[in-house]
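One structure below.
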Amino acid sequence: EYVVESAKESLDRLGLDRIEILYVHWPAGGYEPSETIPAFNQLYDEGLVDSIAVSNFLPEQLETALDRSDAPIVANQAELHPLFQQPELREFCEKNGVAVVAYAPIARGKVFDVPELGEIAEKHGASEAQVSLAWLRQNGIAAIPKATSKEHIRANWESQHLTLDDEDLSKISTLSYNKRQVDPDFAPW
């Protein structure tokens, strides 16, 4: 009931008739799959939400949400970058038709400290951030990079023109950092 009420209040405040995509942001706190997912479905059925999605769901949590949802779950937004590649999550999402959206795609700046990414960047006359964004794109992952200046926005945009070769992709796939940059105490892992 709270989810439906909150979404309708948000629509009113925003002066909108519908929300294009509504996320369950974390499977934490008040999240209860047997209540939250049906509430999202209600919003979808009423035409107030075009698409429903989740964020920070592990494969088993996503599986539970998919089982409880009549409406398609179109995306799972998760921390994902060359230093935290999440192959199991990516495979599960692909198998279940759920798009992966990467947040913190440059690992909160940590990609600049990785020699292998620096070598690839130098080879292509690009930055480590552009290499990270290209790697995500070439793996079918949408990225939502944060940018604090026009120059960063432009550089992020220009990463679309960077194509990593097989050697680059192989080098990135062997990185062994596997370290989250976003790890709040309430996280479900």
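The values are calculated or read from the model by the stated rules, or taken from the named source; none is laboratory data. None of these values were measured; they are calculated from a predicted model. All Cβ positions, even for glycine, are placed from backbone atoms using ideal geometry, and neighbour counts span all protein chains on display. Keep in mind that these areas ignore ligands, DNA and RNA; they rest on the heavy atoms of the full protein, side chains included. Shrake-Rupley method; radii C 1.70, N 1.55, O 1.52, S 1.80 Å.
Per residue, what accessible area does the stretch 101-176 have, given a 1.4 Å probe and all protein chains present, in Å²?
57
Take each of the peptides 85-91, 39-45, average the number of other beta-carbon atoms within 10 Å over its residues, and list them starting from the highest.
Highest-to-lowest ranking by the protection proxy: 39-45, 85-91.
Relative contact order (percent) for the chain, with alpha-carbon contacts under 8 angstrom and 6 or more residues of separation?
19
For helix 33-45, report the angle its Cα long axis makes with the longest principal axis of the Cα atoms of the chain; keep it between 0 and 90° and round to the nearest 10°.
So the helix axis and the longest Cα principal axis differ by about 80 degrees.
Please report, for the Cα atoms of the stretch 1-79, the Rg to one decimal and the Dmax as a whole number; what are they, in angstrom?
In order Rg, Dmax, the Cα atoms of the stretch 1-79 give 11.9, 36 Å.
Would you be so kind as to identify which of Thr36, Leu14, Leu136 lies farthest towards the positive end of the dipole of the chain, taking Lys and Arg as +1 and Asp and Glu as -1 on Cβ and the Cα centre as origin?
Ranked along the dipole, the leading option is Leu136.
Once both axes come from the Cα atoms, what is the angle between helix 115-124 and the longest principal axis of the chain, in degrees from 0 to 90, rounded to 10?
Approximately 80 degrees, to the nearest 10.
Report, for the chain, the % of DSSP beta bridges that are antiparallel, rounded to 5.
5
When the convex hull of the Cα atoms of the stretch 101-176 is projected onto a plane and the area is averaged over all directions, what value comes out in nm²?
4.7
With volume of the Cα convex hull per residue in Å³ in mind, check [x] 135; [y] 173; [z] 147 and report the label derived from this structure.
Read-out taken from this structure: [x].
Going from most exposed to least, what order do Ser6, Ser159, Ser176 have by accessible area with a 1.4 Å probe?
Sorted by accessible area, descending: Ser176, Ser6, Ser159.
For a protection proxy built on the mean count of beta-carbon atoms within 10 angstrom, sort 49-55, 60-66 highest first, please.
Result, highest mean Cβ count within 10 Å first: 49-55, 60-66.
For the stretch 1-79, what is the accessible area per residue in Å², given a 1.4 Å probe and the full set of protein chains?
Dividing the accessible area of the stretch 1-79 by its residue count gives 53 Å².
Collect residues whose amide H, placed 1.01 Å from N in the peptide plane, falls under 5 Å from the amide H of Val49; neighbours closer than 5 in sequence don't count.
Amide H neighbours of Val49, under 5 Å, 5+ apart: Ile19, Tyr44.
So which of Lys8/Lys110; Lys8/Lys179; Lys123/Lys150; Lys123/Lys146 end up more than 30 Å apart by C-alpha?
Lys8/Lys110; Lys8/Lys179
Measure off, as a whole percent, the carbon and sulfur share of the 1.4 Å-probe accessible area of the chain, all protein chains present. Please report the intermediate quantities before stating the final value.
Details: 5030 of 10550 Å².
Roughly 48 percent, rounded to a whole number.
So what's the net charge close to Leu162: Lys and Arg +1, Asp and Glu -1, counting the other residues with Cβ under 13 Å from its Cβ?
On the way: positive: Lys123, Arg137; negative: Glu122, Glu128, Glu158, Asp165, Asp168.
Around Leu162, the charge tally is -3.
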